[in-house]
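The values are calculated or read from the model by the stated rules, or taken from the named source; none is laboratory data. Since the model is a prediction, treat every value here as computed from it, not as a measurement. Ideal geometry is used to build each Cβ from the backbone, glycine not excepted, and the neighbour counts take in all protein chains shown. Just so you know, the surface numbers come from the protein's heavy atoms only, side chains and all, with ligands and any DNA or RNA stripped out. Shrake-Rupley method; radii C 1.70, N 1.55, O 1.52, S 1.80 Å.
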Amino acid sequence: QVQLVESGGGSVRAGGSLRLSCVASGYMHSSYSMGWFRQAPGKEREGVACIYTGGSTTYYADSVKGRFTISQDNAKNTVYLQMNSLEPEDTAMYYCASVRVPWAWSSCPPAEKYNSWGQGTQVTVSS
């Protein structure tokens, strides 16, 4: 089982930046996907971005494409989400998740496929 802990959330003004981190511990399969999700009160959970083993395959939601970047540092067992040009609509609780996959897919796995989740980190963007 993989344990995940997010950090880096906070309150920023519109146009600002934040970098979220997700540190993994416990057994990690050699082939996997790491994803970032977010959920605001009264809204459905939304997939933000995901990355597959090796870091060469990434996908982004249209709402964040061009503004957010997902990356990983295997030496630190950490996945990052760099968020630039933040907007009030980005306000949400952000979660990271992991799932074992045999190979990279042509898109992010759906949320229900991820079986390890972090506790979340709050991001608040004011206008």
In nanometres, the difference between 0.36 nm per residue of separation and the alpha-carbon distance of Asn77 and Glu112 is 10.3 nm
Debye calculation, C-alpha points only, no solvent: report log10 I(q)/I(0) for region 13-127 at q = 0.18 Å⁻¹, in the same order as the q values.
-0.88
Anyone know which of Ala97, Ala49, Ala40 comes out most mobile in the 10 Å Cα GNM of the chain?
Ala40
At a probe radius of 1.4 Å, what is the per-residue accessible area of Tyr80, in Å² to the nearest 10?
30
Where only protein heavy atoms count, and the probe is 1.4 Å, what is the accessible area per residue for region 1-118 in Å²?
53
Ignoring ligands, DNA and RNA, please state the percent of accessible area on the chain from carbon and sulfur, probe 1.4 Å.
48
Please give the length that would be gained between Asn84 and Ser25 if that part of the chain were fully extended, namely 0.36 nm times their separation in residues minus their C-alpha to C-alpha distance (nm, one decimal).
18.5 nm
Within the chain, longest stretch clear of exposed trypsin sites (Lys or Arg not before Pro) (DSSP loop, no more than 15 other Cβ within 10 Å)
68-127
Identify the chymotrypsin sites (Phe, Trp or Tyr not before Pro) of region 1-45 meeting these criteria: DSSP loop state and at most 15 other C-beta atoms within 10 Å of the C-beta.
Tyr27
